[in-house]
Amino acid sequence: MKPYAFLFLISMGLASCSKTCYYAFTGGDDYAYCTIEYNPKKKTTIYRGYATDYSFSRIGYLYIKSKDNVSRKKELVITRPMEIYYTTDGLDVDHFDYLPDCQTPLKDTPQGAFISYAEEYRKDTLDLMPHNNTPFFETEPCYKRLGLRWMPPYMVPVKKIDYSRFPKQVQHLHLKDPARH
């Protein structure tokens, strides 16, 4: 009986390791709502965000999908974006724009061209981690083309992404997977 209980506990532990993790940043009522979805089974990290700070780059809603092998539950890394979709800032948003040619080969990826969050200073909070002295906005070619200049300073764990927290002008779009829109 004990071997079966042991095998059951191991299988439950492995199943929980492959569970999708969600993190969110909320800044005021209309200031920002940003999320990260990490799926260890698919080895993907997806960033979804809306923030008034993006308006400086004329971005409304931002979706970045990254495939990587370095993220863990308490350390999330967005590197070499596979897909970037975004909307322009404004009231009449009816489609996503796609930023092509973002699949930089690993050997061509500039050093420091990644975004990472880690549980470094506070329990149950992933803080944005600085790397080198050059901001990743200036080293990753796609972020540079997009004009991205801001990411949430921290993320906290959540049970699921609340898509109703994103602005009304983009809620009619397929926020979960813009490629389907």
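Output the qualifying pairs, or none if there are none: Cβ atoms under 7 angstrom, residues six or more apart or on different chains, first residue in segment 51-67 and free of Cβ contacts under 8 Å to residues at least 40 places away in the same chain, second residue charged (D, E, K, R). Sorted first by the residue in segment 51-67, then by its partner, the pairs are Ser55/Asp89; Lys65/Glu83; Ser66/Arg80; Lys67/Lys43.
So is Glu138 more than 21 Å from Lys43 (Cα to Cα), of a type in the set (D, E, K, R) and modelled with pLDDT under 80 or not? Taking the combined requirement at face value, the residue satisfies it. Screening segment 52-90 for residues that are touching a helix residue (DSSP H, G or I) at 6+ places or on another chain (Cβ under 8 Å) and of a type in the set (Phe, Trp, Tyr) and picking the one that is farthest from Thr139 (Cα to Cα) gives Tyr61.
Of the residues making up segment 83-124, those that are modelled with pLDDT under 85, under 25 Å from Ser57 (Cα atoms) and exposed (fewer than 15 other Cβ atoms within 10 Å of the Cβ) are Gly90, Leu91, Asp92, Pro100, Asp101, Gln103, Pro110, Gln111. Filter segment 81-99 down to the residues that are β-branched (Val, Ile, Thr) and farther than 21 Å from Thr44 by Cα and list them by number. The answer is Thr87, Thr88, Val93.
The residues of segment 146-175 that are closer than 17 Å to Val93 by Cβ, loosely packed, with under 13 Cβ neighbours inside 10 Å and of a type in the set (D, E, K, R) amount to a single one, Lys168.
The values are calculated or read from the model by the stated rules, or taken from the named source; none is laboratory data. The shown structure was predicted, so the numbers you read here are calculated from the model rather than taken from an experiment. Using ideal geometry, Cβ is built from the backbone for each residue, glycine included, and neighbour counts are taken over all protein chains shown.
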